[in-house]
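Read through the structure below, which is laid out as C-alpha cells, and then see the notes.
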Amino acid sequence: MQIVNGVPKSTRITASPGPNRESTAAQLSGRCPIRGTGPYTVTPERIRLFAELTHNDHPIHHHDTVARDYGYPALVAPPTFAALVMVRAQYDAVWVLAPGVRPTALLHTRQTLDIRRLLVAGDIVTTDIRIRAIRTTGEYAGVEAQLVFTDHHGEIVQSSSSSLYVCAPAVPAHPVTRPYPLGGVVDRARARTGNRRTLGSAATSPGLPLPRRIFPVDSADMDTYDALGTPDHYRTVAGPEAHGRPPSGMMRLALTAGYLSSCLGDPAAVARYDAEFTHFGGQRGRAVQPVEIAGRMVSVDGTGAGVVELDGRCLDRRLFIHAHAVLRPPAR
C-alpha cells in the first residue's frame, strides 16, 4: 500500500462537491485527512495578480528574468500565496463533513503558515486537511484545522493551521483531538538561494523599529482577492453593505508579507507567520481602506535567524491581536 504523508493512500478521501455524498464528520474526523478538490496549478498570471492585489512588490513576483537571477526556476509566488489553495480546501472540507451544507463565509480568527519553500510558477499543489475540532453556535461553526501542501514531486512545501468560523447552518459537532501526523517528514525542500537582505542596523539591533508603510487597499481589490480563493460553487456577489469593509484576515497576512519583503529585501526570509486577527466593520462608504503596517525586531541570533513583531492598523483600528514572523538564517 502506498503511503502519502504518513497516511495510507487508500484511506484518503477526496472532496467532490455534489448532492450524493454520504460522508459524515463522525466517519472522517481523526481518521484521515480530506483531500481538496483537484490539484491547484500555480500560474504566472495568478502570481502577478495576487502580488498586485496584496502589494507584494518584490520583482521576483513580477519578472521571470529577475526570479531566475535569484536562483529560482520560474516566477516566484508571494509567501502567502498558498492561502488561495488553503481557502478552497477549507470550503471543500466543510462540504464533505456536512453534506448539503453550503458555507456562505469563512472568517479566520487565527492563522499560522510554515514555509519550507516559496511556490513557483508550474508548481501543482495538492492539499490535505485535517479537521481537529468543530464547535457549533447557531448558524456558525468554529473549526480548527491543519493543512499540508504537497507539490507534484510529492514533497511537502508548506503547512498551516487555521482557526476559523464558518457561516453555514447545521454543521455537525464532532470534536477531534488527534493532530495531523507531520512528524518524521524530512525537509528536502529548503528555501532556494538568492537571499539579499537590506535590513541594515535593524538586523543586529533587536528592539529597533522597522519603517512604517501604508497600503491603500481598494474595495474592488478585496473583492478580486476573495474571488481568487473561493470555489465557483460557493461564490456569492458582494452587496452594497460590504463596501467599506476592512481586508480579510488572509489578505492582511499577505500585506504583512509584502511589507516584510520590502524591509528584508528577500521574500524567502520568513520561515513562519503567526497571526490572530481582530474583526471590525471598517468604515461604510470608503472605497479605499488605508492599511498601515509596522514591525519591530524582537530578537536576532548570530546566524541571522530572528523574530519580527508585526502591527497592522486600518483607520486607527488594530488588525491583529498579535502577529509575528520567524526569520530563517540567510543562505550562505
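The values are calculated or read from the model by the stated rules, or taken from the named source; none is laboratory data. As the structure is a prediction and not an experimental result, all values here were calculated from the model. Counting neighbours? That spans all protein chains shown, and the Cβs are built from the backbone with ideal geometry, glycine included. Heavy atoms of the whole protein, side chains included, go into the accessibility calculation; ligands, DNA and RNA do not. Shrake-Rupley method; radii C 1.70, N 1.55, O 1.52, S 1.80 Å.
The residue of the stretch 114-154 that is least open to solvent (accessible area, probe 1.4 Å), among those that are without any contact (Cβ under 8 Å) to a residue 12 or more places away in the chain and outside any strand (DSSP E or B), is GLY138. ILE60 meets the stated requirement of being crowded, with 24+ Cβ neighbours inside 10 Å and over 14 Å from ALA254 (Cβ atoms). Can you confirm whether the stretch 67-82 contains a residue that is at pLDDT below 95 and open to solvent by less than 10 Å² (accessible area, probe 1.4 Å)? Taking every residue of the stretch 67-82 in turn, at least one turns out to be at pLDDT below 95 and open to solvent by less than 10 Å² (accessible area, probe 1.4 Å).
The single condition among (1) at pLDDT below 95; (2) in contact with a helix residue (DSSP H, G or I) (Cβ under 9 Å, 6 or more places away or on another chain); (3) open to solvent by 20 Å² or more (accessible area, probe 1.4 Å) that GLU22 does not satisfy is (2). For the stretch 155-166, the tally of residues that are of a type outside the set (Gly, Ala, Ser), assigned to a strand (DSSP E or B) and within 19 Å of ILE115 (Cβ to Cβ) stands at 3. Regarding the stretch 32-52, can at least one residue be identified that is touching a helix residue (DSSP H, G or I) at 6+ places or on another chain (Cβ under 8 Å), more than 24 Å from ALA227 (Cβ to Cβ) and modelled with pLDDT under 95? Yes, the stretch 32-52 contains at least one residue that is touching a helix residue (DSSP H, G or I) at 6+ places or on another chain (Cβ under 8 Å), more than 24 Å from ALA227 (Cβ to Cβ) and modelled with pLDDT under 95.
Which residues, taken from the stretch 86-113, are at pLDDT 70 or above, open to solvent by 10 Å² or more (accessible area, probe 1.4 Å) and either assigned to a helix (DSSP H, G or I) or more than 21 Å from LEU310 (Cα to Cα) (or both)? Residues satisfying the conditions are VAL87, ARG88, TYR91, LEU106.
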